[in-house]
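Undergrad: Okay, handing you the structure first.
The values are calculated or read from the model by the stated rules, or taken from the named source; none is laboratory data. Source: prediction; values computed, not measured. We place every Cβ from the backbone using ideal geometry, glycine too, and count neighbours over all the protein chains shown. Surface areas here come from the heavy atoms of the whole protein model, side chains and all, with no ligands, DNA or RNA. Shrake-Rupley method; radii C 1.70, N 1.55, O 1.52, S 1.80 Å.
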Amino acid sequence: MLKRDVVRVIKRRFHLPKPSETWRNAPKEKAECVVIGAGIVGLAVARELSLKGKEVLVLDSAPTFGTATSSRNSEVIHAGIYYPSNSLKARFCVRGRKLLYHYCSQRGIPHNQIGKLIVATGTSEIPKLNQLFNRGIQNGVENLRMLDASEAIKMEPELHCVKALLSPASGILDSHSLMLSLVGEAETNGATFSYNTAVIGGHLEGNQMVLHVCETKTLTNWDGNTPLQLDLLLMPKIVVNSSGLSAPTLAKRFHGLNTAIIPPAYYARGSYFILSNANSTRHPPFKHLIYPVPEEGGLGVHVTLDLDGQLKFGPDVEWIPHVPDTTNFLNKFDYSVSADHVARFYPEIRKYYPNLKDGSLIPGYAGIRPKLHGPGQSACDFVIQGEDIHGVGGLVNLFGIESPGLTSSMAIAEYVAALLLGG
C-alpha cells in the first residue's frame, strides 16, 4: 500500500486532522487501535477489539495476512498437555481449544477432532509419559487415557510403542480458512488492513507510543547506511505488538520503553517432510496424530495429517544464529527444506513407524519458531506485557508466541482485550 493510501485509509477510518511536519518531516496521524502483525494471533486480537466497538487498523509488512509462522506449522489443535500448570500456555491452550472448536463449528471452518497418541518407544520414556498424563489432568484436559502397547497398536496397526497417552481432544484444522474468517469478521466490524506497511520502531511522547511506519518497499530498498526516511508517524491510543518473529526486535526499537524487560529472542527452523507413497492420501498409515515424547526445543518429529489425508512428518529443530533486524521486519528467513535433512528424519520416525520405506519422504515446507529460550535452556512461557509491566498506557507486547499459539489465539485475544479495556 502506497504512503498516500495509508494516510487516506487512516483518515477515512479515523477522521483525523492534517499531519504535522515533525520527526524528519514524516506526516503524523492519529488512530484508535493499531495491531502490528496479521498472523493468527494478530487477526484474533483485531477481531476481538473490533467486536468490542474499537476502530482497529492492522499493519503488516507482508502483501497479505498469515505469511510467516501462521502458515508454516502443523495446523494442530492442541489439547493443553505439555505446559506447566497455571502457565499462560496451559491456560490459553485449554481455553483457546474450546473457543476454536466452537468457532470452527459455527463458521463452517474445516476441522477434525481426530485425537492424538503420544508414544513411548522405550521403557525409559514411560516416566515422561506419566508426567505428561499428570500434567494434562492438572491443566484440565478432558478424557486423557493411558494405553498399553496392545491397545495403542489396535488403534494404529503401523505403530510401534511400549505405552501411549491418548488425547481425544486434539485435532487438526485449515488455518488459512480460519484466518480468512477472522479477517472477514474484523472487517465487517470496521477493522482496516494495511499490508506492505512496516512498523520499524517508535518513541514515547508523554505516555503515548508513536509508531514509526514506512512502506515495505522503502525498507526493502534501504541501503542500511543512510537515514531511513519514515513515511508516517502514527499515534494510536492502543498498540498491540503482535508481530511474531519480530516482536522483541520491534519492542527494543520503541525508544523510551525499558528494554531490560524485553526477553531475548531466539529462532528455530523446523522442516517438514511429506509421505510420497501413491496410496498415502487414500490409505494413510495413521488415522491419529502420532507424537513422540517431547525433545529439547520442540515436540519431536511427529505425524500430522491434513484434512485431505496427506501425511507429513516434522518439525525438527535447527537453531538459527544472529538474525538482522531487516530479516525480522521483512520476513527474509530461509524457508528452504534441504533434501539432505531427510537423513535425520528416517531414524526418528522409525522409532514409532518401523515400516517407513526408504525414499518415501519428500521435502515439504519449513517454519520459523519465535522462541524466548536458546539451545540447552529451559522452555519459556508466553510473555505478555501490558502497562502494569512496562508503564506505557495502551501498549501490549506479545513475545514468544510459538506453539500452541494457533490453538491459543482466541484466548490470547480475550486476554489482551481485557488488559486494554478491562473486564
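Undergrad: For the Cα atoms of the chain, what angle does the longest principal axis make with the long axis of helix 126-138, in degrees from 0 to 90, nearest 10?
TA: 50
Undergrad: Convex hull over the Cα atoms of the stretch 23-152, averaged projected area in nm²?
TA: On the way: hull surface 49.8 nm².
Mean projected area for the stretch 23-152: 12.5 nm², to one decimal.
Undergrad: How large is the translational diffusion coefficient of the stretch 305-386 in µm² per second when you combine the Kirkwood radius over alpha carbon pairs with Stokes-Einstein at 37 °C and 0.692 mPa s? The partial results should precede the final answer.
TA: Details: Rh = 15.8 Å.
For the chosen part, D equals 208 µm²/s.
Undergrad: Let me ask something else about it. Any idea what the alpha-carbon Rg over 2.2 N^0.38 Å comes to for the stretch 107-146?
TA: On the way: Rg = 13.5 Å, N = 40, 2.2 N^0.38 = 8.9 Å.
Output field value: 1.51.
Undergrad: How high is the relative contact order of the chain, in percent, counting Cα pairs under 8 Å that sit 6 or more residues apart? Let's see the in-between values first.
TA: Details: 926 pairs, mean separation 97.2, N = 423.
Computed over the chain, the figure is 23 percent.
Undergrad: A 26 angstrom limit on the alpha carbon distance is what I want to check against. Which of LYS89/LYS154; LYS237/LYS332; LYS30/LYS217; LYS128/LYS351; LYS54/LYS332; LYS52/LYS332 exceed it?
TA: Working: LYS89/LYS154 32 Å; LYS237/LYS332 30 Å; LYS30/LYS217 23 Å; LYS128/LYS351 16 Å; LYS54/LYS332 32 Å; LYS52/LYS332 35 Å.
Table pairs above 26 Å Cα-Cα are LYS89/LYS154; LYS237/LYS332; LYS54/LYS332; LYS52/LYS332.
Undergrad: Rolling a 1.4 Å sphere over the protein heavy atoms, what is the accessible area per residue of the stretch 132-176, to the nearest Å²? Display every interim value, and only then the final one.
TA: Working: 2040 Å² over 45 residues.
Ligands and nucleic acids excluded, the figure is 45 Å² per residue.
Undergrad: Take the alpha carbon atoms of the stretch 26-63, find their center, do the same for the stretch 166-211, and report the distance between the two centers in whole angstrom.
TA: When both Cα centres are located, 6 Å separates them.
Undergrad: Relative to the longest principal axis of the C-alpha atoms of the chain, give the angle of the C-alpha long axis of helix 40-51, reported between 0 and 90° and rounded to the nearest 10°.
TA: 60
Undergrad: Assign one of three labels to the stretch 346-423, namely rounded, prolate or oblate, based on the Cα gyration tensor with a ≥ b ≥ c the square roots of its eigenvalues; rounded applies when a/c is under 1.5, prolate when it is not and a/b is larger than b/c, and oblate otherwise. List each step's numbers first, then the result.
TA: Details: a/c = 3.71, a/b = 2.68, b/c = 1.38.
Here the stretch 346-423 falls in the prolate category.
Undergrad: First compute the accessible area of the chain with a 1.4 Å probe, then give the percent of it belonging to carbon and sulfur atoms.
TA: On the way: 8650 of 17270 Å².
C and S fraction of accessible area: 50 percent.
Undergrad: Tally Lys and Arg at +1 and Asp and Glu at -1 over the other residues with C-beta under 13 Å from the C-beta of LEU99: what net charge comes out? Intermediate results must be reported in sequence, preceding the final value.
TA: Values: positive: ARG47, ARG91, ARG95, ARG97, LYS98, ARG107; negative: GLU48, GLU414.
Taking every Cβ under 13 Å from that of LEU99, the sum is +4.
Undergrad: Let me ask something additional. Compute the helix-to-body angle for 175-188: its Cα long axis versus the longest principal axis of the chain, expressed 0 to 90° and rounded to tens.
TA: With both axes taken from Cα atoms, the answer is about 30 degrees.
Undergrad: Using only helices, what value at 222 nm comes out for the chain when you add -39,500 (n - 2.57) per DSSP H run of length 4 or more and divide by the total residues, to the nearest 500 deg cm²/dmol?
TA: Numbers: 12 runs with 125 residues, N = 423.
Mean residue ellipticity at 222 nm (helix-derived): -9000 deg cm²/dmol.
Undergrad: Where Lys and Arg each count +1 and Asp and Glu each count -1, what net charge lies around THR259 among other residues with Cβ under 10 Å from its Cβ? Each step should come with its number before you reach the end.
TA: Numbers: positive: LYS252, ARG253; negative: none.
Taking every other residue near THR259 into account, the sum is +2.
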